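The values are calculated or read from the model by the stated rules, or taken from the named source; none is laboratory data. Since the structure is predicted, the reported quantities are computational estimates derived from the model, not experimental observations. Cβ sites come from the backbone with ideal geometry, for glycine too, and all protein chains shown count toward neighbours. Protein only, heavy atoms only, side chains kept; ligands, DNA and RNA dropped before computing areas. Shrake-Rupley method; radii C 1.70, N 1.55, O 1.52, S 1.80 Å.
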Amino acid sequence: MKVAVVGATGVVGQEMLRLLENSPLGESTPRLLASVRSAGTHIRWRDEDLLVEVLDHDTVLTDLDVALMAAGSETARIWAPQFVKAGVAVVDNSSAYRLDAEVALVVPEVNPEAVPRGPAIIANPNCSTIILLLALKPLMHLTPNRVIADTYQAVSGAGRAGLDALEREVAGGEFRVDDPFPFPIHGNLFPSIGEVDEDGVTVEERKMLDESRKILGDEDLIVQGTCVRVPVARCHSIAVTMLFDREDSKRLDSALAALRQAPGVILEEDPQSPPTPGRLSGVHEVSVGRVRAPSTDALQMWVVGDQVLKGAALNTVQIAELWSAKNG
Ligand SMILES: NC(=O)c1ccc[n+]([C@@H]2O[C@H](COP(=O)([O-])OP(=O)(O)OC[C@H]3O[C@@H](n4cnc5c(N)ncnc54)[C@H](OP(=O)(O)O)[C@@H]3O)[C@@H](O)[C@H]2O)c1
């Protein structure tokens, strides 16, 4: 399989390249694409220095099988259809196509069957949605009537610019108006990610509801909560509360048993040592801790995942590997 990484210089693109070094998709050397800003630079891959090419109207899109895109929605809207037209499958990290009816939205541990045959756009879900669903899917047989998911999201979720803003402020530098956050983020937090709609719900909160419904194929599912940007470099954390119609004193045991076997999940059962972003940074699995039943009609848990990895780059590479296995 011949792979291109679009947005190869970004936070997600760099991580995809590292993953490709140990993936069957790295059999052929990947092509690296970005904007004019970084075209002509080189990135180390295995023991080679690879040239970053510009993605523009002169770029030859043929002689590729899969394009892994991490270059934002605008680039995806323009280029993903052109890759597909050239016979190249696209796995896209942006929100551009996630809710399109004809586009598969995939978390390999949750709905691998959605991966299509042939060249098509496949969407990688929102990072918090992926991390939430790895822990939630194994518990859906318990039929919660409502899921409250409050997120604590790392600055690298806003890309290189988000990480730069935190690092600059930590080093004593000033907040800048063109930073991706509307206030200084060091020593602070911001409980609103993305535009707010007429119901007062943010884009990020809406994505968790809409995308969870699509991936789980459950239009009645209710997922609501507050998405908060916190001054953490990497890894999103989610405080999840599930509410049930019926009281059940055995539900906690059943949940723990399901989570112990859940693919892509590490269950941490020592309440004194819950998963934290610092410890989970760089880890492929999502970690679940503090699982508890504060009352017989509720379950709660704390979920942490590396959003650059499982929330983006790793999930994308896993989807591409599935696509390759189906189409190889
Ligand atoms: N960061 C996360 O945790 C995360 C998680 C899930 C999903 N995502 C999504 O993944 C995508 C990338 O995010 P990121 O965090 O990696 O952002 P980033 O660090 O800001 O990187 C953006 C990348 O896109 C490239 N790019 C921008 N405009 C381009 C254009 N017109 N043509 C070609 N390449 C272009 C940039 O290249 P230059 O170097 O040339 O500027 C850079 O390589 C976004 O859609 C984001 O929403 C991110």
Of the residues L25, L68, L33, L51, which is at pLDDT 95 or above, buried (at least 21 other Cβ atoms within 10 Å of the Cβ), farther than 14 Å from V6 by Cβ and out of contact with any Phe, Trp or Tyr (no Cβ under 6 Å at 6 or more places or on another chain)?
L25
Could you grab me the full set of residues in the range 116-136 that are of a type outside the set (S, T, N, Q) and not in a helix (DSSP H, G or I)?
P116, R117, G118, P119, A120, I121, I122, A123, P125
Considering only the range 213-222, I want to know if a residue exists there that is in contact with an Asp or Glu (Cβ under 6 Å, 6 or more places away or on another chain) and either outside the structural domain of R160 (by TED's automatic domain parsing) or within 26 Å of G187 (Cα to Cα) (or both).
no
Only one of (1) buried (at least 23 other Cβ atoms within 10 Å of the Cβ); (2) farther than 20 Å from D150 by Cα fails for G311. Which number is that?
(2)
With the checklist (1) in a helix (DSSP H, G or I); (2) aliphatic (A, V, I, L, M); (3) over 28 Å from T226 (Cβ atoms) in hand, flag the one item L139 doesn't pass.
(3)
Residues of the range 272-308 classified as buried (at least 24 other Cβ atoms within 10 Å of the Cβ) and of a type in the set (S, T, Y), total:
1
Given the criterion within 14 Å of the ligand (Cβ to nearest atom), in contact (Cβ under 8 Å) with a residue 12 or more places away in the chain and surrounded by 15 or more Cβ atoms within 10 Å (Cβ to Cβ), identify the matching residue among A165, A149, A239.
A165
Mind checking which residues of the range 271-285 are within 18 Å of the chain's Cα centre (by Cα) and over 20 Å from R229 (Cα atoms)?
V283, H284, E285
Of the residues in the range 261-278, those that are closer than 17 Å to S237 by Cβ, in contact (Cβ under 8 Å) with a residue 24 or more places away in the chain and out of contact with any Leu (no Cβ under 7 Å at 6 or more places or on another chain) come to P274, P275, T276, P277, G278
Take the conditions more than 13 Å from the ligand (Cβ to nearest atom), assigned to a loop (DSSP other than H, G, I, E, B) and within 26 Å of A158 (Cβ to Cβ) and apply them to L99. Does it pass?
yes
Odd one out for A257, checked against (1) of a type in the set (G, A, S); (2) touching a residue at least 12 places away in the same chain (Cβ under 8 Å); (3) open to solvent by 20 Å² or more (accessible area, probe 1.4 Å):
(2)
Among the numbered criteria (1) farther than 18 Å from C127 by Cβ; (2) open to solvent by 20 Å² or more (accessible area, probe 1.4 Å); (3) not small (G, A, S), which one does Q318 miss?
(1)
Considering the range 39-91 alone, what residues qualify as being part of a loop (DSSP other than H, G, I, E, B), more than 11 Å from the ligand (Cβ to nearest atom) and either in the same structural domain as G159 (by TED's automatic domain parsing) or of a type in the set (D, E) (or both)?
D47, D58, D63, D65
Any idea which residue in the range 53-83 is nearest to P116 (Cα to Cα), counting only those that are without any contact (Cβ under 8 Å) to a residue 60 or more places away in the chain and touching a helix residue (DSSP H, G or I) at 6+ places or on another chain (Cβ under 7 Å)?
L61
Here is a check on your reading of the model: is A39 open to solvent by 10 Å² or more (accessible area, probe 1.4 Å), within 25 Å of A158 (Cβ to Cβ) and touching a strand residue (DSSP E or B) at 6+ places or on another chain (Cβ under 7 Å)?
yes
